[in-house]
Amino acid sequence: LPWLSQDKIEYKYTKYRCNTIRFKMYTLRVNFLVVITTVVTQCLGAKGQSSAVINSAIDDLLSLVKSEMLSSGSAQIEIPDIDEKFEKKIVFVRVKGSFTATNGWFKDLSTLHRTGDATLFTNSSMLKLNLQLGLDKMEAGYDHYKAKFMKIGPSGRVNVQISDNAFTSQISMYSTGSDCVTTVDSATLESFGRLNINFTGLGKIGNWIFTKLVNFVVNMFHTKIKHSAEKGLRLGLEKALVKYDICTLLHSL
């Protein structure tokens, strides 16, 4: 296997002196991924440099992700429009209103960084990397909104500042003959902090209308905006993995 030679396995086995591990060379040829994972788990658990090697490889990958996003303009992504209807009963009449927000955006995926140690484990015939990630800057907005109630209402821009965030991602590595194939299994926005939502041009409107508008934006963030951010992160990782051979990190273990 050109990307994971038998010599390197023998060398690292000697280097870490894993006396509790015993295997025959034919086992390496038949089921090399399981054996390598055993070496990683059994031997390197006591070696802090192994975690450092994996973290360093992930940091290199994320650096490439950021560079690719900046050069391609994908650090800021589009998000879906908001188009909502509402109504309020005034005396005996129900009056309808609407809220639309367009030209939405989310940023800044180029501020992606690792927030914890990357972990390597086995799942059947695959090696999997679990990543803990975050964005230094997380912001969203709409360049134009319009709220109407009784045929009148404010218009302006919407800006959303997000205080904290936590993403996770999983990358799989598996063999197809002599090659190592990598896939991004998931990219998930696990949590985010308080949303600081600002509307321009509101003027004097009722508190109940303002609450409606805020809820529309919050609900969109928890659903479609969240999905857009996850999709953007996943695409960024996939593009970077085309250029960065993450499998080479095993050579340093």
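Since every read-out is calculated from the coordinates, none of them should be taken as a lab result. Note that the structure is a prediction, hence the values are computed from the model and not measured. Here the Cβ is made from the backbone with ideal geometry for all residues, glycine too, and neighbour counts use every protein chain on show.
General observations
- Cα gyration tensor shape of region 98-253, rounded if a/c is under 1.5, else prolate or oblate by comparing a/b with b/c: prolate
- One chain, two ends: Lys224 and Lys96. Fully extended at 0.36 nm per residue, the span grows by 43.6 nm beyond their Cα-Cα distance.
- For region 137-144, putting each phi into the Karplus relation 6.51 cos²θ - 1.76 cosθ + 1.60 with θ = phi - 60° gives couplings of 10, 10, 8, 9, x, 10, 6, 8 Hz, in residue order, rounded to whole numbers and with x for Gly and Pro.
- The H on the amide N of Met138, modeled in the peptide plane, is under 5 Å from the matching H of Asp108, Ile162, each at least 5 residues off or on a different chain.
- Region 95-154 versus region 205-222: alpha-carbon centroid distance in Å: 18
- Packing, as the average of other Cβ atoms within 10 Å across residues, places the peptides 138-144, 80-86 in the order 138-144, 80-86, highest first.
- With a cut-off of 11 Å between beta carbons, the residues surrounding Asn103 carry a summed charge of -2, where Lys and Arg count +1 and Asp and Glu -1.
- Cα gyration tensor shape for region 45-114, rounded if a/c is under 1.5, else prolate or oblate: oblate
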